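The values are calculated or read from the model by the stated rules, or taken from the named source; none is laboratory data. As the structure is a computational prediction, the values presented were derived from the model and not from experiment. Methodologically, a virtual Cβ is constructed for each residue, glycine included, from the backbone with ideal geometry; neighbour enumeration extends over all protein chains shown.
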Amino acid sequence: MMESEEPKLGSSLLTESVKEIAKEVVTTVPERYFQSQIHPSISFNTHSLPHLPVIDLNKLLSEEVKGSELQNLHFACKEWGFFQVVNHGVGMKLMEDVKRGAEELFKLSMEEKKKLWQKPGEMEGFGGIVGSKEGSSDWVDLFYILTLPTHLRNQHLFPNIPLPFRENLEDYCIKMREIGMKIFVLIGKALGIEVRDIKELLGEGGQSIRMNYYPPCPQPETVLGLKPHTDGSALTILLQANEVEGLQINKDGTWVPIQPLPNAFIISLGDVMEVMTNGIYRSSVHRAVVNSEKERLSIATFYGPGWSDSIEGNIVHSIMEAETAEIGSHPCVKELAKEALTKVPERYVLPNIDPPILSNTHSLSDQIPVIDLANLFLPQELKAPELENLHLACKQWGFFQVINHGIGMEVVEDVKRGAEELFNLSMEDKKKFWQREGDMEGFGEIISKPKDEPSDWVDGFYILTLPSHHRKPHLFPNLPLPFRENLEVYCKEMRDLAMKLYGVIGESLDIGAMEIKESVGEAGQAIRMNYYPPCPQPENVLGLKPHTDASALTILVQGNEVEGLQVKKDGTWFPVHPLPNAFMVFLGDVLEVVTNGIYKSCEHRAVVNSWKERFTIATFSGPEWNGSIGPAPSLVTPQTPALFKTIGVVDFYKGYLSHEHRASSFINNVLRIHNENIKG
């Protein structure tokens, strides 16, 4: 729909802002906006004006009166493809907050708008619908953005929308998804389709929002705000942001002006809905006209199947079948262990596993560093010895246990219990949280691997947790209660602990508490829960193969009393004996880069046993997706030049997860700067 033409987006010369043109008190419309042969609409003063159907959502949800209202809905979808919905349950305050936020967004200066402008080859951001060289452009400024699922959000857009509009828009997206789902289910009922089938046809659901600003025009009869079109969505939910009208629907060859009802949404059926209903319901052609007196503003929410879902008319596919196939390709190790195996399946067997130092040596546990966090917040003269301990732990081990961290044990125990119950769910319930194709989140393997590489003897559950707008709507919000609420508290505690650790690590490097924090930026967070079932041949498998973490810091809590973590130091594997009420802290690849190689990421692995399961909860803290990773400025001098290149966070994680650069080899083989003058 949006075609790029001169001038190029993202360059110094931006696509024209119609609002800026309208400010110039022009008396004639620039040629590029001129439309020939605009068909007139029905006059507003005629008594024969057709009335757009109005659907009362409350009635549709009421058992007593929903039958007749379902007939009204069926008529509206079949004859119009449009209707207004009242009594929808969305609070007026939220609607007004979003209207006000959209209005303020279009009032931003051009300098501020440039930060949110469309980039080359993208549709998202500020811009216009630019006509082809033969066609004409629409008299409108647009702001278009993908909103749900959250992992599809463009990282230079949604997180940078001004507050409080961003927070209000977040709430509005959720409400629009709820309304969209309700209408989908009701349309299914009007067609006689089972509720379960229509929800499965919809899938996870995809959502985007387009805000339309139509400035006054000196010659409104010669332009259109939006040319005649149908929407590519399944449903469009339109909110009129001010009292100025302009929407028109083509009904039986005639353009009918729409007069929005107070506090109502205008619903449009799109092309996807026409396909899904096998042509029973139709998408309707509509357009937007403008006037010479006052601007108009509207907010359109497009809703439909997720981007990875297929669309077929008259056929309802079961998403559970696809999920079951995916589960079949990544077997649940816990289910395997229930089969009383005497031999490990071939796909898990690892040859030549390096043995650790025997864990019965008395001196072993004393060698692994323990850091008392409370001592690091004493006055300078008193905390110096603990800072030195931290420096040695980070430099020689890349690992330590932290005690007196200030996190209440009730919070930790609640999360341990919730994680244990999550892994105890039935397979039927786990399917709801299973990884989807091409996705790392949910139950399953976190890193794809070559087919000939042995699998780890572990079940994992991985989830992005902070910032909250990265959370997948089908995962975090659907975690069982009270685990979801307890995990929310735990995430914030882990974020605060990570920020404290970044500060004291900066002090241990003599660069101050802020620089490491600033180098990592607004920290992102993910959590991985690991469940290691008993194994009939533990000497032939590993729970997790040797690796370093891609994070800046990993904070691990032991879920039960069973040990299994081992860290590698000077070529030897050391078993770790977790201290009571302590967290285990790993330095990851990001921190090795940020500290310019002064501190090392810790290589570690997990072993299993034949008698009892083990589970852990790992919290990964690292930079946000829209940032970059490179050595902290204070650590780069003529005497200590940069050992690593600076790289975007997204490119860093792509490299880390790729088959050719597994784990720490990526920072050494790709990011490390090979300079003969650099020693060490």
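Laid out as a table, the results:
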| read-out | value |
| --- | --- |
| Any chance residue 641 is in contact (Cβ under 8 Å) with a residue 12 or more places away in the chain, surrounded by 17 or more Cβ atoms within 10 Å (Cβ to Cβ), part of a loop (DSSP other than H, G, I, E, B) and not assigned by TED's automatic domain parsing to the domain that holds residue 551 | no |
| Matching residues in the stretch 635-670 - criterion: being closer than 21 Å to residue 551 by Cα and modelled with pLDDT of 90 or more | 635, 642, 643, 644, 645, 646, 647 |
| Odd one out for residue 554, checked against (1) surrounded by fewer than 22 Cβ atoms within 10 Å (Cβ to Cβ); (2) under 25 Å from the mean Cα position of the chain (by Cα) | (1) |
| Enumeration of residues in the stretch 620-650 that are touching a Lys or Arg at 6+ places or on another chain (Cβ under 8 Å) and of a type in the set (Ser, Thr, Tyr) | 621 |
| Residue in the stretch 595-617 that is among the acidic types (Asp, Glu), under 30 Å from residue 156 (Cα atoms) and assigned by TED's automatic domain parsing to the domain that holds residue 543 present | no |
| The lone exception for residue 625 - which of (1) farther than 29 Å from residue 470 by Cβ; (2) assigned to a loop (DSSP other than H, G, I, E, B) it fails | (1) |
| Unique residue being out of contact with any Gly (no Cβ under 9 Å at 6 or more places or on another chain) and at pLDDT below 85 when the list is 345, 331, 305 | 331 |
| Boolean, residue 600 is under 31 Å from the mean Cα position of the chain (by Cα), closer than 25 Å to residue 372 by Cβ and surrounded by fewer than 21 Cβ atoms within 10 Å (Cβ to Cβ) | yes |
| Complete set of residues in the stretch 470-495 that are outside any helix (DSSP H, G or I), touching a residue at least 40 places away in the same chain (Cβ under 8 Å) and over 13 Å from the mean Cα position of the chain (by Cα) | 479, 480, 482 |
| Condition met for residue 512 (within 22 Å of the chain's Cα centre (by Cα), surrounded by fewer than 20 Cβ atoms within 10 Å (Cβ to Cβ) and farther than 26 Å from residue 410 by Cβ) | no |
| Close pairs (6 angstrom Cβ cut-off, 6 or more residues apart or separate chains): on the phi > 0 side of the Ramachandran plot in the stretch 505-530, at pLDDT below 95 anywhere | 521/623; 521/624; 521/627 |
| Qualifying positions in the stretch 143-162 - within 15 Å of residue 119 (Cβ to Cβ) and of a type outside the set (A, V, I, L, M, F, W, C) | 144, 153, 154, 155, 156, 160 |
| Number of positions in the stretch 393-427 that are of a type outside the set (Lys, Arg), out of contact with any strand residue (DSSP E or B) (no Cβ under 8 Å at 6 or more places or on another chain) and either under 19 Å from residue 458 (Cα atoms) or not assigned by TED's automatic domain parsing to the domain that holds residue 507 (or both) | 6 |
| Qualifying residue in the stretch 270-282 (condition: surrounded by fewer than 19 Cβ atoms within 10 Å (Cβ to Cβ), over 18 Å from residue 188 (Cβ atoms) and of a type in the set (Gly, Ala, Ser)) | no |
| Those residues of the stretch 28-75 which are modelled with pLDDT of 65 or more and among the basic types (Lys, Arg), in sequence order | 32, 59 |
| Output for the stretch 567-601, where each listed residue is within 20 Å of residue 392 (Cβ to Cβ) and among the polar types (S, T, N, Q) | 572, 595, 596, 601 |
| Unmet requirement for residue 455, which otherwise passes all of (1) part of a helix (DSSP H, G or I); (2) buried (at least 18 other Cβ atoms within 10 Å of the Cβ); (3) not charged (D, E, K, R) | (1) |
| Qualifying positions in the stretch 531-572 - within 15 Å of residue 400 (Cα to Cα), in contact (Cβ under 8 Å) with a residue 60 or more places away in the chain and not in a loop (DSSP other than H, G, I, E, B) | 553, 554, 555, 556, 557, 566, 567, 569 |
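Per-residue answers, yes or no, for (1) among the basic types (Lys, Arg); (2) modelled with pLDDT of 90 or more; (3) assigned to a loop (DSSP other than H, G, I, E, B):
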{"position": "278", "(1), (2), (3)": "no, no, yes"}
{"position": "282", "(1), (2), (3)": "yes, no, yes"}
{"position": "291", "(1), (2), (3)": "no, yes, yes"}
{"position": "299", "(1), (2), (3)": "no, yes, no"}
{"position": "314", "(1), (2), (3)": "no, no, yes"}
{"position": "335", "(1), (2), (3)": "no, no, no"}
{"position": "340", "(1), (2), (3)": "no, no, yes"}
{"position": "357", "(1), (2), (3)": "no, no, yes"}
{"position": "360", "(1), (2), (3)": "no, no, yes"}
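This table checks each residue for (1) within 31 Å of the chain's Cα centre (by Cα); (2) of a type outside the set (A, V, I, L, M).
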| residue | (1), (2) |
| --- | --- |
| 545 | yes, yes |
| 567 | no, no |
| 571 | no, yes |
| 577 | no, yes |
